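First the structure, in the form of structure tokens, and then the observations on it.
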Amino acid sequence: PRFQDKQIVWVQKTTQLYDGEIGIFYLNGNTYIKELHDEPDGVYLISLNQKYRPIQVLESDSFKIFGKVVC
């Protein structure tokens, strides 16, 4: 994985990200550092660690973008 648990990262505060950018996300009570993918069949949060499966963001989910990871 590119980011380790409890690692400190720099984040640019924003509520909008482009496809492929890494951000800090709130989803249904959990917070994630993931890559945003906007696909024809929906929005997905993709882990940089391949042992974790993509998470699809549904319209019924509680979802928020906190910011863009810059390093």
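Report, by residue number, each residue of region 52-71 that is touching a residue at least 24 places away in the same chain (Cβ under 8 Å) and either in contact with a Pro (Cβ under 9 Å, 6 or more places away or on another chain) or aliphatic (A, V, I, L, M) (or both). Reasoning before the result, please.
First pass over region 52-71, keeping only residues touching a residue at least 24 places away in the same chain (Cβ under 8 Å): 55, 57, 61-71.
Correct list: I55, V57, I65, V69, V70.
Does E39 qualify as being open to solvent by 30 Å² or more (accessible area, probe 1.4 Å), of a type in the set (D, E) and over 18 Å from R2 (Cβ atoms)? Even if it seems obvious, please write down each step before you answer.
Working: open to solvent by 30 Å² or more (accessible area, probe 1.4 Å): yes; of a type in the set (D, E): yes; over 18 Å from R2 (Cβ atoms): yes.
Criteria met by E39.
Checking each residue in region 1-51 for being in a loop (DSSP other than H, G, I, E, B), of a type outside the set (D, E), touching a strand residue (DSSP E or B) at 6+ places or on another chain (Cβ under 9 Å) and in contact (Cβ under 8 Å) with a residue 24 or more places away in the chain picks out R2, F3, V9, W10, T14, T15, Q16, L17, N28, S47, L48. Scanning region 1-36 for residues that are open to solvent by 40 Å² or more (accessible area, probe 1.4 Å) and either in contact with a helix residue (DSSP H, G or I) (Cβ under 9 Å, 6 or more places away or on another chain) or among the basic types (K, R) (or both) yields a total of 3.
The values are calculated or read from the model by the stated rules, or taken from the named source; none is laboratory data. Being a predicted model, the structure only gives us computed values, none of them experimental. Here the Cβ is made from the backbone with ideal geometry for all residues, glycine too, and neighbour counts use every protein chain on show. Areas reflect the complete protein model, heavy atoms only, side chains present, ligands, DNA and RNA absent. Shrake-Rupley method; radii C 1.70, N 1.55, O 1.52, S 1.80 Å.
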